[in-house]
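Since every read-out is calculated from the coordinates, none of them should be taken as a lab result. What you see is a predicted model, and the numbers here were worked out from it, not measured in a lab. Backbone-built Cβ (ideal geometry, glycine too); neighbour counts: all protein chains shown.
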């Protein structure tokens, strides 16, 4: 057995240090070492999106990234979406609850993270942009309509919070990391 490797990362706004095996995925480290179980383990091959997190501004499937690659990175998980130090849900999380998008809840953390990345990139997405932005996330309950409605509602509510209309911003996420609906249609 190999020796553990010490990793230091900025996770959900906090500096964290933890030890991982060289073969551990980021998903393993988040769930097992840091206790962040909101990131779900499902397909383990990057097909379902249940383990989506944001690393250094890019949404990615944490089952496909080695934990050692996250050394020095900034990581956001679904637990990091809540506002005011976790005392209230984000606009996006509340919209998922209000529209009934959560259903069984298994895919929701990944859906939320992909939707968050999309809204950071495109504050006022069209339905087609929402579908494309969420194309890498599968829902076993087939709650796609509620999920799309939740993202639309969150975009509207986020815009209502800003006095002046938001325009498209420079991407805070790598556009290439977003799924392409033509390649992986829902």
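Quick notes
- A full extension of the chain between residue 159 and residue 56 corresponds to an added length of 34.6 nm, given 0.36 nm per residue minus the alpha carbon distance.
- Neighbour counts of C-beta atoms inside 10 Å place 104, 139 in the sequence 104, 139, starting with the fewest.
- With 10 Å bins from 0: P(r) over segment 1-150, alpha-carbon pairs, percent: 12, 42, 33, 11, 2, 0
- Added length on full extension, which subtracts the Cα-Cα distance from 0.36 nm per residue, residue 88 to residue 15: 24.1 nm
- The stretch between residue 104 and residue 8 holds 31.2 nm of extra length on full extension. This uses 0.36 nm per residue minus the Cα-Cα distance.
- Value in Å of the Kirkwood radius, where segment 93-165 supplies the Cα pairs that are averaged: 12.1 Å
- Ascending count of other beta-carbon atoms within 10 Å, so fewest first, for 91, 20, 45: 45, 91, 20
- Over all orientations, segment 1-70 has a Cα convex hull whose mean projected area works out to 4.5 square nanometres.
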